[in-house]
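Take a look at the structure below.
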Amino acid sequence: MATTLHREKQQKVQQMAYNYVQRLKLRNIRQAAVLVINNRTQAVEVYVGSADFADKVQEGEVDGIQAVRSPGSTLKPLAYALAFDQGKITPKTMLADVPADYGGFEPENFTRNFVGSVRAEEALVRSLNIPAVSLVRETGLSFFLQKLKQGGFQQIRRDEKKLGLSTVLGGCGASLWEITHLYHSLARQGRYQRAHYVKGETRAPAQVLFSEAAAYVITEMLARGQRPDLPEGFENTYRIPKVAWKTGTSFGRHDAWSIGYNANYTIGVWVGNFSGESVAQLIGAEVATPLLFEVFNTLDYNPPQDWFHAPKSLQVRWVCAESGLPPADFCNNQVADVYVPLVSPSQRCGHQREVIVSEEGRTSYCFTCMPAQGYRKAWFPDLSPALSAFYEATGIAYDKAPPHASHCTRLSENQAEAPMIVSPSTAHEYLIERDDPPEMALECKAAHHVQTVHWYLNEQYYRSASPREKVFFKAQPGQIKIACVDDQGRAAQASIQVRYQ
Ligand SMILES: [Zn+2]
Ligand SMILES: [Zn+2]
């Protein structure tokens, strides 16, 4: 059987993977797999299923390219490509990254921090979880799964009925072979076709997963120079090839992934242990990316002028920097963005809203409570309740309308619905024992339809819970600011003092 493997490249990469894991053994990481697909011929040129085939102790005979594992964040680019094609986003679209509840599923970011408001392009390279999950929800989970199945993901096909929104965060099974093909489709203008490794093999026709414009836009996002997921100090030590790439780390840190492509090659790297043992240092960006770049540098370092070209369907326009939407009169800060006419979002920016305020600007009114005279109109940011509540809870300064007139009857109705912090009691001083600090309970009262509340301690997100659930925390001496935000974005705040007895 004649294979498409390129003997010289195969040997080089095999050796590289072997040397690479020798250096990682001290960190208890013992295996790696590398797949190289030629984008022009769609032939598999390198197939390294295990870093050390002779090493029987480490089960070196397992094929690390076909083994099914959690793909971590490596499926996220597909969510963005589909959202682009459905006209939900362009690179500059602002997305919310605030605590959210998706019917009992509460994703948090790898770093456990939320950033508030973030551009789509930024959200993808920072691999934020909330924006990815909400894009899949908006474009449809079944559509997302259908595209994965179309793109050759076999385990996902088998498990389809059990899979939820967490699929996009790696809550599913996939192989290096399948994941590398997703990026191969990005390199091939959105068309999926199984690569071949037997010469003269008959092949199924290509399937369109997403548009050429979406493929180009995602490629540009993933090829940006400034990357938070570059391994530490990497710029100084390594030659960084021009590639579009994405990393992933599975739940529990069992698997590290880094997949990249340029016009000539798509390369997938997996690093981990065949036993599935988890390792604290097993982070895609840290342990898989250096090997990915090494392979690129050896096989195809920065091919001259050989990058992807923007398709004709993609055009450039000015958008409001605050929202990523076509600017309204009040949008002074504008940036260039790419879009597809008649597909991309076309509604005008509404990042500000007009508010009726008192002459001196210290009170705001609605039509119910505005006085007959002595008022004027002013513009303020129009934030979603969830975002403004997040800013309030985390102490991020933002331009906001003055407090609503206290005599307003509409306000008191709305206010009555906001959550109340029942424990601890605000403005109280709590004495705790130094040797044995107790756990303090957070409790609230919320409107009956509220499903989830988000707790913040000293302006840091702490936990999300049902409003009927007691949440505990270990108190430290000093002032503690507590905020409780419900799923409608309504907030309550409290502040306590804690001292040692
Ligand atoms: Zn605007
Ligand atoms: Zn009012």
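Within the option set Ala336, Ala378, being within 16 Å of ligand 2 (Cβ to nearest atom) and modelled with pLDDT of 90 or more holds for one residue only, Ala378.
Evaluation of Arg253 against the conditions (1) touching a Ser or Thr at 6+ places or on another chain (Cβ under 8 Å); (2) at negative phi shows that the sole unmet condition is (2).
What are the residues in the range 109-126 that are open to solvent by 10 Å² or more (accessible area, probe 1.4 Å), touching a residue at least 60 places away in the same chain (Cβ under 8 Å) and not hydroxyl-bearing (Ser, Thr, Tyr), if any? The answer is Phe110, Arg112, Asn113, Phe114, Arg119, Glu121, Arg126. Ile267 satisfies every condition listed in (1) in contact (Cβ under 8 Å) with a residue 24 or more places away in the chain; (2) part of a loop (DSSP other than H, G, I, E, B) except (2). Scanning the range 422-434 for any residue that is in contact with a Leu (Cβ under 7 Å, 6 or more places away or on another chain) and on the phi < 0 side of the Ramachandran plot turns up at least one such residue.
When you look at Leu135, is it closer than 30 Å to Ala33 by Cα and open to solvent by less than 20 Å² (accessible area, probe 1.4 Å), yes or no? In short, no.
Among the residues of the range 77-85, is any buried (at least 18 other Cβ atoms within 10 Å of the Cβ) and at pLDDT below 95? So that I can check it myself, show each step before the final result.
Taking the range 77-85 first, the residues buried (at least 18 other Cβ atoms within 10 Å of the Cβ) are 77-85.
From what is left, the residues that are at pLDDT below 95 are none.
No, the range 77-85 contains no residue that is buried (at least 18 other Cβ atoms within 10 Å of the Cβ) and at pLDDT below 95.
Go through the range 347-389 and give me each residue that's open to solvent by 80 Å² or more (accessible area, probe 1.4 Å) and either in a strand (DSSP E or B) or within 14 Å of ligand 1 (Cβ to nearest atom) (or both). Selection gives Gln347, Arg348, Arg353, Glu354, Tyr375, Arg376, Lys377, Trp379. For Ile356, the conditions (1) in contact with a strand residue (DSSP E or B) (Cβ under 6 Å, 6 or more places away or on another chain); (2) within 16 Å of ligand 2 (Cβ to nearest atom); (3) modelled with pLDDT under 90; (4) among the hydrophobic types (A, V, I, L, M, F, W, C) are fulfilled apart from (3). Within the range 309-334, restricting attention to residues that are under 22 Å from Leu186 (Cβ atoms) and outside any loop (DSSP other than H, G, I, E, B), the residue that is nearest to ligand 1 (Cβ to nearest atom) is Val316. Just one residue in the set Thr426, Thr452 is open to solvent by 60 Å² or more (accessible area, probe 1.4 Å) and β-branched (Val, Ile, Thr); that residue is Thr426.
The conditions of being open to solvent by less than 30 Å² (accessible area, probe 1.4 Å), more than 16 Å from ligand 1 (Cβ to nearest atom) and farther than 30 Å from Lys400 by Cβ are not met by Pro341.
The values are calculated or read from the model by the stated rules, or taken from the named source; none is laboratory data. The shown structure was predicted, so the numbers you read here are calculated from the model rather than taken from an experiment. Don't worry about glycine lacking a Cβ; one is built from the backbone with ideal geometry, like all the others, and counts go over all protein chains shown. Each accessible area value is taken on the protein alone, full model and side chains, heavy atoms only, with ligands, DNA and RNA left out. Shrake-Rupley method; radii C 1.70, N 1.55, O 1.52, S 1.80 Å.
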